Amino acid sequence: MTTRVFSGVQPTGNLHLGNYLGAIVNFVKLQATHECIYCVVDLHAITVPMSVWGGPDELRRNTREVTAAFIAAGIDPKKQIIFNQSQVAGHAELTWVFNCVARLGWLNRMTQFKEKAGKDRENASIGLYDYPVLMASDILLYRATHVPVGEDQKQHLELARDIAQKFNNDFSESIASTGQNEKYFPLPEPVITGPATRVMSLRDGTKKMSKSDPSDYSRINLTDDADAIAQKIRKAKTDPEPLPSEEKGLEARPEADNLVGIYAALSGKPKADVLGEFGGAQFSGFKSNLVDLAVNKLSPIAAEMKRLTQDQAYVDQVLIDGAERANVIATETINAVKDIVGFIRKR
Ligand code: AQP
């Protein structure tokens, strides 16, 4: 089986440095060696209340913005597939089959659901509960082997592997009788690499940088201009000590660790090298360097995103072309799954 990369980003607004360093940077790298499919997961976006995802106009705007971010970051939509999930019906179709494979006990262990549902669990949507099954379908619809994600998605990836394995086992005889490889679904591997697999809030080094944090100062948005980036980094929480010279000196210093990790990821250097350069320095000096680096790396992306989002026809066409190409692969899987499960279909 050939290797194939799949990953997705939700169009829920406020695309930030965590999404970029944790996921999108790796999306760009992997295109040099793999066939890649990158999805704007709009079906996932509507699992939270409409007051959070913003309603139809906001969803369209955010879908185009994530698409623009993919392209501006360096993904080539001609070589790789970029599309929005709702344009390929196979995602929802495969989810139903996987709903009947996944076990309630597996989903009950998912920490993201617990965090996002909070105390008002009874009022959470069924979609939010089923989110990890839809995510497994996204990946396995393309029989993807590698999934670049941030660390927060590790548990969902394990669930996708469990679903693939159980499907292969439950239907082993049927898989053989339809002439498919006994491991019809590959067990997808997470690709969680780099010094910033979990970027933390600039206001609280123990909390993940996130789109839904009410404070805009907690994150650097990919659309932030140079002034906003500079202000947010200058105001970022730190501690009174100078930077340590070795990595172990970052233990129990979450804010320092986070800023060093961000510097390392943006500069493409290991954290140890960054500390070699800045060990003993005060945060004010380090932050000035970080501002320069961040503005240098992120401003061209913000400018290109702005240019692309103004060209709505182009962005929409990228999504339509991508969906057509994705649908060819998806249809092949859906047809095979129908045969394996025993659904009669037109041939
Ligand atoms: N802080 C982060 N550090 C590293 N990676 C991160 N990712 C998200 N936050 C961080 C990774 O970005 C990819 C896309 O994420 P998503 O759009 O699917 O949604 P998310 O993880 O729910 O993003 P947020 O910002 O955390 O949103 P809310 O506030 O809604 O919870 C994924 O690969 C993710 O791992």
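No lab work stands behind these numbers, since they all come straight from the coordinates. Keep in mind that this is a model prediction, so the values were computed, not measured. So basically every Cβ, Gly included, is an ideal-geometry build from the backbone, and we count neighbours across all protein chains shown.
Share of pairwise Cα-Cα distances greater than 29 Å in the chain is 42 percent (whole percent). Is the C-alpha gyration tensor of segment 44-181 telling us rounded, prolate or oblate? Criteria: a/c under 1.5 is rounded; beyond that, a/b larger than b/c is prolate, otherwise oblate. Oblate shape, in that a/c is at least 1.5 and b/c is the bigger or equal ratio. Among 57, 257, 138, the largest mean-square fluctuation in a Gaussian network model of the chain (Cα springs under 10 Å) belongs to 57. From least to most packed, judged by other beta carbons within 10 angstrom and beginning with the fewest, 17, 293, 222 follow the order 293, 222, 17.
Under the rule of at least 5 residues apart or a separate chain, name every residue whose amide H is placed under 5 Å from the amide H of residue 200. Correct list: 209.
Computed on the Cα trace of segment 101-141, the radius of gyration divided by the Kirkwood hydrodynamic radius gives Rg/Rh = 0.98.
Between residue 293 and residue 332, the simple label model (points 7 Å from Cα in the Cβ direction) yields a spacing of 4.2 nm. Report, to the nearest 10°, how far helix 312-341 tilts away from the longest principal axis of the Cα atoms in the chain, using its own Cα long axis and a range of 0 to 90°. Orientation of helix 312-341: about 40 degrees from the principal axis. Across 163, 71, 126, mean-square fluctuation computed from a Gaussian network of the chain (C-alpha pairs under 10 Å connected) peaks at 126. Among 284, 215, 51, determine the one that fluctuates most according to a GNM of the chain built with springs between C-alpha atoms less than 10 Å apart. Top of the fluctuation ranking is 51. Distance between the pseudo-spin-label points of residue 165 and residue 241 (7 Å out from Cα toward the beta carbon): 4.0 nm. Estimated from helices alone, the mean residue ellipticity of the chain at 222 nm is -16500 deg cm²/dmol (sum of -39500 (n - 2.57) over DSSP H runs with n ≥ 4, per residue). Modelled label positions at residue 231 and residue 172, each set 7 Å beyond Cα in the direction of Cβ, lie 6.1 nm from each other. Annotation: extensible slack from residue 96 through residue 281 equals 61.1 nm (criterion: 0.36 nm per residue apart, minus Cα-Cα distance). Would you kindly give the portion of the calculated P(r) for segment 199-347 that falls above 25 Å, as a percent of all Cα pairs? Counting every Cα pair in segment 199-347, those more than 25 Å apart make up 48 percent. Compute log10 of I(q)/I(0) for segment 137-223 with the Debye formula, placing one identical point scatterer on every Cα and leaving out solvent, at q = 0.12, 0.18, 0.25 Å⁻¹, to two decimals. Debye intensities relative to I(0), on a log10 scale: -0.52, -0.82, -1.15. Candidate cross-link partners of residue 211 among the lysines, defined by an alpha-carbon separation under 24 Å and a same-chain spacing of 8 or more, comprise 29, 114, 116, 119, 154, 232, 235, 237, 287, 297, 306. The C-alpha atoms of the chain define a longest principal axis, and helix 56-73 lies at about 70 degrees to it. Relative to the longest principal axis of the Cα atoms of the chain, the long axis of helix 90-99 makes an angle of roughly 80 degrees.
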